[in-house]
1. Just the residues that are over 16 Å from LEU64 (Cβ atoms) and not charged (D, E, K, R), please, taken from the stretch 8-26.
2. Within the stretch 54-65, is there a residue that is in contact with a Phe, Trp or Tyr (Cβ under 9 Å, 6 or more places away or on another chain), surrounded by 14 or more Cβ atoms within 10 Å (Cβ to Cβ), assigned to a helix (DSSP H, G or I) and in contact (Cβ under 8 Å) with a residue 12 or more places away in the chain?
3. Quick check on this structure: which one of GLN40, GLN70 is part of a helix (DSSP H, G or I), closer than 18 Å to PHE10 by Cα, out of contact with any Ser or Thr (no Cβ under 7 Å at 6 or more places or on another chain) and of a type in the set (S, T, N, Q)?
Amino acid sequence: MKHTIQVRIFRGERQYVAECLDLPVVTEASTLDELTANIQEAISLHLEGENLEDLDLAPNPTILATMELQAVA
């Protein structure tokens, strides 16, 4: 049973994008603060009314975000 929901954050062409690796959830925003709020809301709405055990998720899972940065070399 998973205790975390993994999210990948990267810079799109015009906005930041958050793509959930464990659920079919994607959102975007112009700032990282906005993106954080958007992904939390999107995941919450996606899980609303779902049985978390059926999705192999523990109660109250945390969100673990990894941000992809541009190469330095």
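Readers should treat all values here as calculations from the given coordinates under stated rules, not as data from a laboratory. Since the structure is predicted, the reported quantities are computational estimates derived from the model, not experimental observations. Here Cβ is always computed from backbone atoms with ideal geometry, including for glycine, and neighbour counts include all displayed protein chains.
1. Within the stretch 8-26, GLY12, GLN15, TYR16, VAL17, PRO24, VAL26 qualify.
2. No, the stretch 54-65 contains no residue that is in contact with a Phe, Trp or Tyr (Cβ under 9 Å, 6 or more places away or on another chain), surrounded by 14 or more Cβ atoms within 10 Å (Cβ to Cβ), assigned to a helix (DSSP H, G or I) and in contact (Cβ under 8 Å) with a residue 12 or more places away in the chain.
3. Numbers: GLN70 fails: part of a helix (DSSP H, G or I).
Among GLN40, GLN70, only GLN40 is part of a helix (DSSP H, G or I), closer than 18 Å to PHE10 by Cα, out of contact with any Ser or Thr (no Cβ under 7 Å at 6 or more places or on another chain) and of a type in the set (S, T, N, Q).
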